[in-house]
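Take a look at the structure below.
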Amino acid sequence: MATFVSTAAPVQTDFPPTTGRPKWESPEFGAIYEEHSRQIFYLALRFLGDPTQAEDATHDVFLKAYRKLGEFRGESAVRTWLYRITINHCKNLLQTWHQRHLVNNNEDSLWENAVAGTESPLRVLEIKELGQRIQKTLDLLPEEYRLLLLLVADQQLSYDEIATLTEQSADAVRGKLHRARKAFIAQFQKFA
Amino acid sequence: MNPKSSKLQQQQKQETTEATASQQMAREFASPEEMLRHDAGQTEVPPALARRVAESVAQEPRHARSWWQRWFSRRSPDS
């Protein structure tokens, strides 16, 4: 089992101070925003790797969600539904921006070879900027691994829900997640 | 008091203090997802974003209330 040791430094942002609670046209939708905005913003932030773009994406996701409220039939949880919109939106942005060329080959076999030596426990001390290090690590992973790790980090999501969101079987999710963890650990170590 | 003994005690006290501080600062993660979970907890949504979303929603045309909106309305007496 890999063990990470780090300082728990809070994320530094350049965002302006609180400007008061907004008055929502729809209090119900406001409640949805309050409950899920952190996870949606976090997924966008770490998936896109840019706070400003993540903020824009989160805005667009909630606006899309509001427009599609009439289509939401409650067949999935609200958060799963929001995640689906977020994933589609962020993938479209990445395709359009062509910003992720750090890892061009997403073949699983290459990553298996690259991380073959990372099964032993690791210990990393003194991480002053944990968020930045996590972002650097995620940026180097294939998009699919990055997404799986971010989704599985949300304990509200089951493997079946993650499988549905990523359009594959739960068994495939488990297998890829195993490789994604190894790849993350291998890359994370490099930024020690 | 033996000055050497006093100096040793002072050094030991300082080492203990430093070790304690280090332990308080350090955090262990058993897996990448546990680390990401912690990172998510430390990440604040930009405060201005809620107002921005609310303003954009206010400009949208009103649409028929879906089942969940009606459900929420029933649960919330002040809405």
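Output the residues belonging to segment A:49-91 that are outside any helix (DSSP H, G or I) and more than 12 Å from chain B (Cβ to nearest Cβ).
Going through segment A:49-91, the residues outside any helix (DSSP H, G or I) turn out to be A:49-50, A:68, A:72-77.
Within segment A:49-91, A:Gly49, A:Asp50 qualify.
Out of curiosity, is A:Thr166 of a type in the set (S, T, N, Q), at pLDDT below 90 and out of contact with any strand residue (DSSP E or B) (no Cβ under 6 Å at 6 or more places or on another chain)?
Numbers: of a type in the set (S, T, N, Q): yes; at pLDDT below 90: no; out of contact with any strand residue (DSSP E or B) (no Cβ under 6 Å at 6 or more places or on another chain): yes.
When the stated conditions are applied, A:Thr166 does not pass them.
Please enumerate the residues belonging to segment A:1-42 that are touching a Lys or Arg at 6+ places or on another chain (Cβ under 6 Å) and modelled with pLDDT of 75 or more.
Correct list: A:Pro22, A:His36.
So, in segment B:36-79, exactly how many residues are farther than 14 Å from A:Gly30 by Cα, at the interface with chain A (Cβ under 7 Å from one of its Cβ atoms), part of a helix (DSSP H, G or I) and at pLDDT below 65?
1
Looking at A:Lys136, is it modelled with pLDDT of 90 or more and over 22 Å from A:Arg79 (Cβ atoms)? Give the derivation first.
Numbers: modelled with pLDDT of 90 or more: yes; over 22 Å from A:Arg79 (Cβ atoms): yes.
When the stated conditions are applied, A:Lys136 passes them.
Take A:Arg46 and decide whether it is buried (at least 23 other Cβ atoms within 10 Å of the Cβ) and either of a type outside the set (Phe, Trp, Tyr) or at the interface with chain B (Cβ under 8 Å from one of its Cβ atoms) (or both).
Here the answer is yes, as A:Arg46 does meet what is asked.
The values are calculated or read from the model by the stated rules, or taken from the named source; none is laboratory data. Since the model is a prediction, treat every value here as computed from it, not as a measurement. Quick reminder, even Gly has a Cβ in these numbers, built from the backbone with ideal geometry, and neighbours come from all protein chains shown.
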